[in-house]
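The values are calculated or read from the model by the stated rules, or taken from the named source; none is laboratory data. Just so it is clear, the model here is predicted, and its values are computed rather than measured. Calculation scope for accessible area: heavy atoms of the full protein, side chains included, ligands and nucleic acids excluded. Shrake-Rupley method; radii C 1.70, N 1.55, O 1.52, S 1.80 Å.
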Amino acid sequence: LDVDHGRRLLGRRGRWADQQTTINLFAGTGSYGTSGDGGAATAATLVNRPTGIARASDGTVYFAESGRGIRKVAANGNISTLVDAGSLSNPRALAMSPAGGLYVGEEDGCRISSVNTSTGALAIVAGP
């Protein structure tokens, strides 16, 4: 599980457990699927359980979803796909830099890439 400011991402539905162990749903219905982009994140379906998560200072939550790519939940609660699965090789870990940059670790690609959070463009930082 990835930790962000005392919170943890749990299971397929994308839930936060805060320091008081209150569970807060932020994405997913619990059903398998690829729907929901452009709408409420809590009404979206997920292909797989999230495998990595990062939170930007503006409240946007990014998560890696194996078989789907990287999705983002804006501060207003809407979900969208930032990077599609065809551009990544099994994304596993996400991290935000202090300057607000997003990085993704790819398990099968054995590399780390930076992600433009506006366009989804990738640039290899380390690896083949």
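Keeping every protein chain present and rolling a 1.4 Å probe, give me the accessible area per residue for segment 87-128 in Å².
Heavy-atom accessible area per residue stands at 53 Å².
I'd like the carbon and sulfur percentage of the solvent accessible area for segment 34-101, probe radius 1.4 Å, heavy atoms only, ligands and nucleic acids excluded. Could you put the intermediate results ahead of the total?
Details: 1300 of 2750 Å².
Exposed carbon and sulfur together represent 47 percent of the surface.
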